[in-house]
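S.K.: Quick one: structure below, then a few questions.
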Amino acid sequence: MNKLPKTGTIEIAPSILSADFAKLASEIAEVESAGVKMLHLDVMDGHFVPNITIGPPVIAKLRKHSKLFFDSHLMINEPEKYADAFIKAGVDHITFHIEVVPEPKDFIKRLHDSGVTAGLCLNPETPVSAIEKYASLTDMILIMTVHPGFGGQSFIREAAEKIKPVRQIVGPDIRIEIDGGINPENAAIVVPLGADTLVAGNAIFSKPNRKKAIEDIHKACR
Ligand code: DX5
Ligand code: ZN
């Protein structure tokens with residue numbers, strides 16, 4: 001079991017959604033050798049979002065090929081029902097959506113008791129008040145800056161306005177992850193607002209040189 005990187009560092013979590021699914025293991029190896037610590041695994045069920053991606057069987061196979069921190073993002077209905085299968089497959093972290101688990105206290109505790117870290121996610125249209133009561137029970141808050149379902153969408157600047165109020169609620173010891181449309185120029189916006197964990201799919205995997213793409217995002221945060 002890998003541990004979520006301690007706060008105080010800016011981490012980039014490549015999202016596999018924009019990787020070549022026909023050669024996922026080598027795509028992951030490329031970003032792993034570029035020095036990232038986290039891999040963002042976008043799980044979609046075709047109900048919570050209008051797209052379907054991967055599930056526990058694929059993650060279990062990828063687990064054998066990577067030592068990265070598996071940061072799973074469950075864009076699914078009934079995440080409580082499937083959590084054990086994802087943990088058994090080898091995820092190190094489960095982020096689920098407050099829109100489908102409005103009272104997440106027990107679920108967060110169950111995830112911690114199972115040895116994984118827990119994250120709460122809010123869609124662009126979901127107010128910070130929806131997570132206020134529970135945010136401090138988590139290890140990471142994921143703020144969507146696109147409507148979930150697809151990679152390569154444009155960054156929704158208004159959604160980034162939630163970073164500051166979330167940071168005020170959680171303090172310095174809980175990660176704030178931003179997900180959707182992140183590239184060097186948007187990274188330069190969200191980090192000064194208080195984000196420390198950046199998901200990037202298209203900005204990394206659409207480029208031939210993944211290491212340089214990751215470095216460009218890091219440089220923009222300095
Ligand atoms: C969208 C996913 C995001 C997305 C990020 O539903 O949650 O992780 O793949 O990809 P880019 O960086 O291409 O927006
Ligand atoms: Zn995601």
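Any read-out appearing in this document is the output of simple, stated calculations on the displayed coordinates, not a laboratory observation. Keep in mind the model is a prediction, meaning the values are calculated, not measured. All Cβ positions, even for glycine, are placed from backbone atoms using ideal geometry, and neighbour counts span all protein chains on display.
S.K.: State, to one decimal in nm, how far the label point of Lys133 lies from the label point of Ala25, with both points 7 Å from Cα in the Cβ direction.
M.R.: According to this spin-label approximation, the distance is 4.6 nm.
S.K.: Taking amide H positions as placed 1.01 Å from N in the peptide plane, with prolines and chain starts having none, which residues 5 or more places from Glu11, or on another chain, fall under 5 Å of its amide H?
M.R.: Thr197, Leu198
S.K.: Which whole-Hz couplings ³J(HN,Hα) result when phi for each residue of the range 150-162 is put into the Karplus expression 6.51 cos²θ - 1.76 cosθ + 1.60, θ = phi - 60°, listed in order with x for Gly and Pro?
M.R.: 8, x, x, 7, 7, 4, 9, 4, 4, 5, 5, 5, 6
S.K.: Let me ask another. Just want to confirm a number: the relative contact order over the chain, from Cα pairs under 8 angstrom separated by 6+ residues, in percent.
M.R.: Contact order relative to length: 21 percent.
S.K.: Taking R0 as 22 Å, what's the FRET efficiency between Glu215 and Leu193 from their Cβ-Cβ distance, rounded to 0.05?
M.R.: After rounding to 0.05, the efficiency reads 0.50.
S.K.: Work out, step by step, the length gained on full extension between Glu32 and Ala85: first 0.36 nm times the residue separation, then minus their alpha carbon distance; give nm to one decimal.
M.R.: Working it through step by step, the gained length comes to 16.6 nm.
S.K.: Another question about this same structure. Would you mind calculating the gained length between Ser114 and Lys207 on full extension (0.36 nm times residue separation, minus the Cα-Cα distance), in nm to one decimal?
M.R.: Residue separation times 0.36 nm, minus the Cα-Cα distance, leaves 29.8 nm.
S.K.: Please report, in cubic angstrom per residue, the volume enclosed by the convex hull of the alpha-carbon atoms of the chain.
M.R.: Cα-based convex hull of the chain, divided per residue, equals 105 Å³.
S.K.: Which ³J(HN,Hα) values in Hz, rounded to whole numbers, follow from the phi angles of the range 43-60 under the Karplus curve 6.51 cos²θ - 1.76 cosθ + 1.60, where θ = phi - 60° and Gly and Pro get x?
M.R.: Ordered by residue, 3J(HN,Hα) equals 9, 10, 10, x, 10, 5, 9, x, 7, 10, 10, 10, x, x, x, 6, 4, 4 Hz.
S.K.: Using alpha-carbon pairs under 8 Å, 6+ residues apart, how would you state the relative contact order of the range 1-123 in percent?
M.R.: Reported relative contact order: 24 percent.
S.K.: Roughly how many whole Å is it from the C-alpha centroid of the range 1-74 to that of the range 180-205?
M.R.: So the separation of the two Cα centres works out to 16 Å.
S.K.: Given a Förster distance of 25 angstrom, what is the FRET efficiency for Glu99 paired with Asp173, based on the Cβ-Cβ distance and rounded to 0.05?
M.R.: 0.50
S.K.: Another question about this same structure. For the chain, what does the helix formula give at 222 nm: sum of -39500 (n - 2.57) over DSSP H segments with n ≥ 4, over the residue count, nearest 500 deg cm²/dmol?
M.R.: Calculated from helices alone, the mean residue ellipticity at 222 nm is -9000 deg cm²/dmol.
S.K.: Do any GluC sites (Glu not before Pro) in the range 116-222 lie in a DSSP loop with no more than 16 other beta carbon atoms within 10 Å, and if so, which?
M.R.: Glu125, Glu132
S.K.: Using the crude model of +1 on Lys and Arg Cβ and -1 on Asp and Glu Cβ, and no other charge, please compute the dipole size for the range 11-220 relative to its Cα centre, in debye to 20.
M.R.: The calculated dipole for the range 11-220 is roughly 500 debye.
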